[in-house]
Amino acid sequence: LEMGERVIEQTQAAVLALVDGEDSQAFRVLDREPQIDFLSLDADEEVFRVIVRRQPTAVDLRIVLALSKIADDVERAGDKAVRIARQALELKEFSTDSGCLSDALRAALRQLDEAACCMFERGIQAVAGFDVALALGIFENEPDLYQASNMARKLLGEQDREGLTPRQTVCLLTCAHALERIGNHAANIAEQVIYVALGQDVRYRNREILIETLRHRGY
């Protein structure tokens, strides 16, 4: 849970560096990256310790294995935040104008950031109580994530109108993809929450059918 909270902070700081050109925020993200890595190592060690000492079975084993996968997704989401911070610094390096992003592009990136962070925050909340309803809410938010991602890509595809160089466009596309992947990691976490709560592996289930089925059951 602490890892998840830190990842959200890292993502928001990285996007602030990207959109508003605040270098200090990008450097903060890079400086704080090891904290998440250390927490990830601690989580792996604790999983190993529990399996060796407790030899969990049934639902207990399911919880331990799920938390191991969740910790991996959280750590990888943290890596995406670092990638955004690095691209923000590179964008600044290749830019002669601190305001190189148009208002429309700034708004699109902020919307994508909001969608990804909202999903990820819900994912962490869902883990706290293995809450199926919150997990389903993450799946329901996926269309908003993809819509925001597509809008950012559409604007970046019109680089001549945006006044961006090819290198700047690559930096921004990398950031947009990283934000979308953070939302994807949140969806992976939601799948593990449902796995623990209901004992069902829903990784390859149709999202719409899954949502309808579980909502019908009262979740």
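The values are calculated or read from the model by the stated rules, or taken from the named source; none is laboratory data. Here the structure is a predicted model, which means the values were calculated and not measured. Because the Cβ atoms are built from the backbone with ideal geometry, glycine has one as well, and the counts that use them run over all protein chains shown. Heavy atoms of the whole protein, side chains included, go into the accessibility calculation; ligands, DNA and RNA do not. Shrake-Rupley method; radii C 1.70, N 1.55, O 1.52, S 1.80 Å.
Numerical summary
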item	result
Peptide ranges 177-187, 43-53, 25-35 listed from the most packed, as the mean C-beta count within 10 angstrom indicates	177-187, 25-35, 43-53
Protein accessible area in region 1-60, 1.4 Å probe - carbon and sulfur %	52
Helical segments meeting 20 Å axial Cα length and Kyte-Doolittle -1.0 threshold in the chain (DSSP H)	2-20, 23-54, 58-93, 103-129, 132-156, 166-198
Dipole magnitude of region 1-76, debye to nearest 20 (Cβ charges: Lys/Arg +1, Asp/Glu -1, about Cα centre)	500
Apportionment of accessible area to carbon and sulfur, region 161-209, percent (1.4 Å)	50
Debye, to nearest 20: dipole size of the chain, +1 on Lys, Arg Cβ, -1 on Asp, Glu Cβ	580
Per residue, in Å², the accessible surface of the chain once ligands and nucleic acids are set aside, probe 1.4 Å	50
Residues residue 150 and residue 2, FRET efficiency given R0 of 30 Å [Cβ-Cβ distance, rounded to 0.05]	0.35
Unit charges on C-beta of K, R, D, E only; dipole of region 72-156, Debye	300
Rel. contact order, % - alpha carbon contacts under 8 angstrom, at least six apart, the chain	27
Extent along principal axes [Cα atoms of region 153-200; Å; largest to smallest]	51, 15, 9
Cα centroid separation - region 95-158 against region 1-76, whole Å	19
